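Data first, discussion second: the structure below is written as structure tokens.
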Amino acid sequence: MINQVSDQTPWRRLRLAALVLGVASGASLLVTPAWGAAGLLLAVAVAGTAHVQLSDDLRWRFLSIFRWRPGRHRYLYGHRRALYRQTENRRQKVIRRIKQHYKTAFASIAFLILAVAALLLVLRGPWWFDGEYIDRDGLRSGSAALVTGLRTALVQIIAAIGASVALLYTARNYRLTRRGQVTDRFTKALERLGSDEMYVRIGGVIALEQILQDAPEQALHTTQVLSAFVRRRAPRAEPINVTLAEKIVRARKAAKGRSTSSEAPQPLPTVPDEDVQAALTVLTQPDLRRHLVDKPAPDFSNLHLAGASFAEADLSFFNLSGANLSGANLWKARLIETKLENADLSNSDISRGNFTYALMNGVNLRNAFCARTNFTRTLMHRADFTKGYVYATLFAKTLLEDAVFESADIDEADFTDANLRRAKFTGAKVSDSGSIFDHAILEDADLSETEGIDVEHVVASILSNGTLLPEDMYSLPEIQERIRNSPAPRWDA
């Protein structure tokens with residue numbers, strides 16, 4: 001702490017010196033306008049430099065805002081979860097602050113320039129425009145006119161100060177009035193969300209979206225309201241893995257319910273209702289998520305959201321564990337650190353999606369379309385890719401223990417450093433060229449009935465005596481040598 005204070009002391013003194021220089025330059029404007037204006041500009045430059053050195057946020061803004069961000073369709077060998085999240089959150093916070101304050105900064109600079117220009121025009125304007133017609137000797141003898149002009153200038157300065165104070169009060173009243181209008185609009189939108197008519201509820205969602213565009217500071221309240229609305233309107237999802245005992249209990253409850261009620265249970269919808277889809281679209285807007293970097297994300301676990309549209313949406317840090325997203329459109333969606341444990345993504349389109357650091361243990365990806373998807377450092381224990389299409393997908397350092405790729409079409413996939421222990425590739429088709437298994441852990445994996453797997457793929461991976469390979473490969477000396485002398489994994493999933 002002492003070292004930190006001592007390091008900042010020179011910059012604090014420099015900022016104080018800039019303040020003194022600015023005051024002196026402002027006073028010298030009456031005598032020598034040119035030197036006074038130059039002194040003011042120098043004071044502003046010195047004060048800005050000192051403030052940048054004393055402010056961590058500004059220092060981050062100038063040094064790190066345009067720096068490369070990890071985790072976007074690239075390997076993250078030198079980064080960890082905490083560093084990635086801290087970097088991303090800090091960058092989003094800086095961008096949000098810049099967007100909030102850049103108008104004020106530009107207005108202040110423009111006001112300062114106009115004030116200096118007006119002062120120079122008042123002091124030197126007559127000599128600039130009509131200097132050849134002014135008699136300097138006559139001006140020295142006209143003391144009465146000088147006094148009158150000085151008094152007039154003082155009155156005008158006092159009037160300007162009064163007008164500035166009135167303007168400040170007007171701005172304060174405007175903010176209070178605007179806050180009251182936003183509150184009234186928010187209340188009316190809540191009333192619409194509670195309506196029994198579909199179109200009225202959709203209008204309530206649209207009203208909240210408009211409030212969010214006009215008042216970004218209401219982002220947290222809007223998110224809380226729409227999240228509660230989705231959880232109330234969307235049905236509960238049926239669990240994927242149900243034990244025999246749970247099935248018996250459910251059958252007994254269903255039989256008991258049929259004995260007391262004649263109504264049959266309603267089937268779950270294939271697509272969300274229009275009001276629910278509208279709320280999901282608003283909640284996953286990238287502009288909204290930028291205002292909630294440090295706030296908890298919505299919890300939609302165990303909800304039935306089959307057929308939902310999340311194209312180019314931002315679902316980072318959402319909790320979608322146990323949710324039914326079968327047939328959903330997740331094209332180019334952002335799901336960084338999203339919880340998708342035991343979620344159902346069968347028949348969905350997740351091409352160009354970013355699932356970096358996502359938690360996807362037990363996820364169902366049957367018949368899913370995965371083209372150029374990023375699964376870097378994703379936890380996908382027991383993931384099911386049966387009959388899925390995997391094209392140019394990145395699985396670098398991904399946990400895929402006990403994963404199932406049965407009858408999957410794998411083309412140009414990158415499994416560099418992936419953990420594929422006990423994975424099953426029965427009936428899968430692997431492209432002869434393009435797919436990468438460099439240092440992939442294939443201990444006890446089943447590749448016995450995999451089409452297209454060649455010697456280069458196997459030799460580049462880490463094998464064990466329990467790895468099942470096609471029968472024609474066991475006799476090859478390089479395969480036997482690789483099994484005996486497989487290197488240790490670079491990382492332990």
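Taking the listed residues 454, 402, the one that is farther than 17 Å from residue 472 by Cα and either in contact with a helix residue (DSSP H, G or I) (Cβ under 8 Å, 6 or more places away or on another chain) or open to solvent by 20 Å² or more (accessible area, probe 1.4 Å) (or both) is 402, with no other qualifying. Return yes when residue 394 is under 31 Å from the mean Cα position of the chain (by Cα) and crowded, with 21+ Cβ neighbours inside 10 Å and no when it is not. It is true that residue 394 is under 31 Å from the mean Cα position of the chain (by Cα) and crowded, with 21+ Cβ neighbours inside 10 Å.
Say we look at the stretch 176-202 and pick out the residues that are basic (Lys, Arg) and under 18 Å from residue 216 (Cβ atoms); which of these is surrounded by the most Cβ atoms within 10 Å (Cβ to Cβ)? Reasoning before the result, please.
Our first condition is that a residue be basic (Lys, Arg); within the stretch 176-202, this holds for 178-179, 185, 188, 192, 201.
Still in the running and under 18 Å from residue 216 (Cβ atoms): 178-179, 185.
Values: 178: 12, 179: 12, 185: 17.
Selected residue: 185.
Within the stretch 222-237, the presence of at least one residue that is more than 26 Å from residue 349 (Cβ to Cβ), basic (Lys, Arg) and at pLDDT 90 or above is confirmed. Among residues of the stretch 329-379 being of a type in the set (Asp, Glu) and outside any loop (DSSP other than H, G, I, E, B), the one that is least open to solvent (accessible area, probe 1.4 Å) is 344.
Of all residues in the stretch 216-238, which are assigned to a helix (DSSP H, G or I), in contact with a strand residue (DSSP E or B) (Cβ under 8 Å, 6 or more places away or on another chain) and of a type outside the set (A, V, I, L, M)? Residues satisfying the conditions are 227, 231.
A count restricted to the stretch 203-213 and to residues that are at pLDDT 90 or above, among the hydrophobic types (A, V, I, L, M, F, W, C) and buried (at least 18 other Cβ atoms within 10 Å of the Cβ) stands at 3. Scanning the stretch 418-436 for residues that are surrounded by 24 or more Cβ atoms within 10 Å (Cβ to Cβ) and part of a loop (DSSP other than H, G, I, E, B) yields 418, 420, 423, 425, 428.
Only one residue in 275, 299 is in contact (Cβ under 8 Å) with a residue 24 or more places away in the chain, open to solvent by less than 20 Å² (accessible area, probe 1.4 Å) and either closer than 28 Å to residue 221 by Cβ or touching a His at 6+ places or on another chain (Cβ under 8 Å) (or both), so which one is that?
Values: 299 fails: open to solvent by less than 20 Å² (accessible area, probe 1.4 Å).
Result: 275 is the single residue among 275, 299 that is in contact (Cβ under 8 Å) with a residue 24 or more places away in the chain, open to solvent by less than 20 Å² (accessible area, probe 1.4 Å) and either closer than 28 Å to residue 221 by Cβ or touching a His at 6+ places or on another chain (Cβ under 8 Å) (or both).
When each of 406, 401 is tested for being within 21 Å of residue 468 (Cβ to Cβ) and in contact with a His (Cβ under 6 Å, 6 or more places away or on another chain), the lone residue that passes is 401. With respect to being open to solvent by 50 Å² or more (accessible area, probe 1.4 Å), in contact (Cβ under 8 Å) with a residue 24 or more places away in the chain, at negative phi and not in a strand (DSSP E or B), residue 449 fits the description. Among the conditions (1) open to solvent by 60 Å² or more (accessible area, probe 1.4 Å); (2) part of a helix (DSSP H, G or I); (3) closer than 21 Å to residue 392 by Cα, residue 472 misses just one, which is (3). If you check residue 31 against the conditions, is it modelled with pLDDT of 70 or more, open to solvent by 80 Å² or more (accessible area, probe 1.4 Å), out of contact with any Ser or Thr (no Cβ under 6 Å at 6 or more places or on another chain) and not hydroxyl-bearing (Ser, Thr, Tyr)? So residue 31 fails the test.
Take the residues of the stretch 214-242 that are closer than 30 Å to residue 177 by Cβ, polar (S, T, N, Q) and in contact (Cβ under 8 Å) with a residue 40 or more places away in the chain: which is surrounded by the fewest Cβ atoms within 10 Å (Cβ to Cβ)? This residue is 227. The sole residue among 328, 396, 392, 333 that is closer than 17 Å to residue 304 by Cα and touching an Asp or Glu at 6+ places or on another chain (Cβ under 9 Å) is 328.
The values are calculated or read from the model by the stated rules, or taken from the named source; none is laboratory data. Owing to the predicted nature of the structure, the values given are computational and were not obtained by experimental measurement. Note: ideal-geometry Cβ built from the backbone for every residue, glycine included; neighbour counts use all protein chains shown. In case anyone asks, the SASA skips ligands and DNA or RNA and just uses the protein heavy atoms, side chains included. Shrake-Rupley method; radii C 1.70, N 1.55, O 1.52, S 1.80 Å.
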